[in-house]
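Comments concern the structure below.
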């Protein structure tokens, strides 16, 4: 009886679906009208370029265009994976992003905890404003700062070191030709720009912790330090794990906006700063090799997709409400 | 006794750490400001310093002689204002439609948008589309159109709309209002804080835009401010340009290459510092809303 009923119901659902789309458009005409510009945008600027992925399998020629260029199969991929570049850029992308992730996590949480321990409201407000400010500055301006600090002839760091007698005239540190320093420099810049802003989420999480837990702990004689290590930090774990998982989801995408703005086309520094995105970008501008760049971009998109999918699955498992979708 | 000592140490560390980190964050700003106000000769002699060794406004005089900054300002303001308004309209329209529970295909549309966050065609196909097939190179629209809807902002806004009780829209519907009227007259006025947050996200994104310009803009009148900074910093012939602008070469004249770079940076960062208090207020709120409800 039950089975019959439910299959009947299913039938009617199917019928409803079949007749639906046009009448649905009629019924929800204005909603469709509202959503239409957005849909068009995504079709044109996000889905159409996916068709362009075929360039990766062609010897693309701008004159011949997308549909008449010669098909070459996996040759572009072969070329990339047999060069030593692919290991360098893949390694740099993963390594730099991992460094950014770990240091960002550490400093964001540290700032949040330290701010929540400060009792002077005025001091708290001013310092918080100052540490969030760099987030609103573009990376191109940061590259100007970097020049003012690191330039060999006029940079502040070199002139301070000279004034203090650590280095002699003519023996300035040539930052722009010394690749081994740049992982560290990029990490410092990333902390400078994002750690303060990143602390906002943790501050919100700290504000959300039940105050009664702290009061009960104080009654039992817990010190402030103990409150931090035994209550605050464990309570931040969920937020930290989730943000880290999302960070790992993006680990295969280098920060082109940052690295290109700061390093630019400085070949001395490629060894430690060249990530997949800057490599693709350079291929496009300097070699004008569309097919190679698309192939490398596809490699990145594909691996990135697998990583996002996995981390999103893990996030869902860890906390069912928190997955993006 | 022990705990009071520990408390003091903790306080000391907290205040000291925040003070030092704040200084760390603010020093570069002071450095470029001071450098831009320095005399070029003193900079060449001893380098940039946190306090100008020899005060001079010459760098500003020089950069304002050229109209590059003014035209970059004009371009940037136009596409920031136009772009932000268009983005807000299209994003909120889409977000509202898929927040309505009676809208049949809202989940499919949401996935359609979400998928673009997971996978994309990459830089080159997008570049080909925009430059070759849409012909938007050297057109101010290239700053705006390819950035109309940010999926993250769209979902943030949808989540906000979802919290608004359905009964409001339903009762308006009974009175004969259509969805467009409901969105603009009922929903958006209630969503002002969320719209302000998203608007600032978009606005700041446009203001700090330079990457689009590297790909699609070669017309000097259409440079964005941030792209101009890149150019000024990188271009080897910047000094020559300045020289030509000056026309005459005086015997004692030093081309203010370094200080003029810094002055350009200061001129472009100004507005951000100016609106920062507003930005901070909304961003912090919006970020928290997004993080908690995201």
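Nothing in this text is a laboratory measurement; each read-out follows from the coordinates by a stated rule. Keep in mind it's a predicted model, so treat the numbers as computed, not measured. Neighbour counts are summed over all protein chains in view; Cβ atoms, including those assigned to glycine, are modelled from backbone coordinates with ideal geometry.
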* To do: Please build a GNM for chain B, connecting alpha carbons under 10 Å apart, and tell me which residue among B:262, B:230, B:117 fluctuates the most.
  => B:117
* Tell me what chain A gives for mean residue ellipticity at 222 nm when only DSSP H runs of n ≥ 4 count, each as -39,500 (n - 2.57), the sum divided by the residue total, rounded to 500 deg cm²/dmol. => -22000 deg cm²/dmol
* Per residue Cα convex hull volume for chain A, in cubic angstrom? -> 269 Å³
* What Kirkwood hydrodynamic radius do you get for the stretch A:22-73 when you take the inverse of the mean 1/r over all pairs of distinct Cα atoms, in Å? -> 13.5 Å
* Only Cα pairs under 8 Å and at least 6 apart count here; give the relative contact order of the stretch B:67-234 as a rounded whole percent. => 41 percent
* Asked: Which values of log₁₀ I(q)/I(0), to two decimal places, follow from the Debye formula for the stretch A:133-239 at q = 0.18, 0.21 Å⁻¹ with a uniform point scatterer at every Cα?
  -> -0.89, -1.08
* Work out the FRET efficiency for residue A:122 and residue B:30 from their Cβ-Cβ distance, taking R0 = 25 Å, and round it to the nearest 0.05. => 0.75
* Report the equivalent ellipsoid semi-axes for the protein assembly as shown in whole Å, largest first, defined as the square roots of five times the eigenvalues of the gyration tensor built from alpha carbon atoms. => 43, 35, 25
* Asked: Separation of the stretch B:19-97 and the stretch B:124-187 by C-alpha centroid, Å?
  -> 31 Å
* **Kirkwood Rh in Å, taken over the stretch B:11-118 so that all alpha-carbon pairs contribute** => 19.5 Å
* How high is the relative contact order of chain B, in percent, counting Cα pairs under 8 Å that sit 6 or more residues apart? -> 29 percent
* Simple spin-label model, 7 Å along Cα-to-Cβ: residue A:235 to residue A:51 in nm? -> 5.4 nm
* Taking chain A and dividing mean pair separation by its residue count, relative contact order in percent (alpha carbons under 8 Å, at least six apart) -> 25 percent
* Using r as the Cβ-Cβ distance of residue A:166 and residue B:81, and R0 as 41 Å, what FRET efficiency do you calculate, to the nearest 0.05? -> 0.25
* Structure fact -> For the stretch B:2-46, the convex hull over Cα atoms projects on average to an area in nm² of 4.1 nm²
* To do: Please report Rg over Rh for the stretch B:67-234, where both radii come from the alpha carbon positions and Rh follows the Kirkwood definition.
  => 1.05
* Asked: Can you pull the Rg over Rh of chain B, Cα-only, Kirkwood?
  -> 1.09
* To do: With no solvent and one equal point scatterer per Cα, compute the Debye intensity ratio I(q)/I(0) for the stretch A:194-290 at 0.15, 0.19 Å⁻¹ and report its log10, rounded to two decimals.
  => -0.74, -0.94
* Asked: Using the alpha-carbon atoms, what tilt in degrees (0 to 90, nearest 10) does helix B:225-234 show relative to the longest principal axis of chain B?
  -> 40 degrees
* the stretch A:258-325: Rg to Rh, with Rh as the Kirkwood radius over Cα pairs -> 1.16
* Structure fact -> Taking only the Cα positions of the stretch A:97-147, the convex hull volume per residue in Å³ is 88 Å³
* Asked: Which residue fluctuates the most in chain B, going by a Gaussian network model with Cα springs under 10 Å, if the choices are B:194, B:177, B:72?
  -> B:177
* Structure fact -> Calculated from DSSP helices alone, with each H run of at least 4 adding -39500 (n - 2.57) and the total divided by the residues of chain B, [θ]222 nm to the nearest 500 comes to -22500 deg cm²/dmol
* To the nearest 10 degrees, how steep is helix B:151-162 against the longest Cα principal axis of chain B, on a 0 to 90 scale? -> 40 degrees
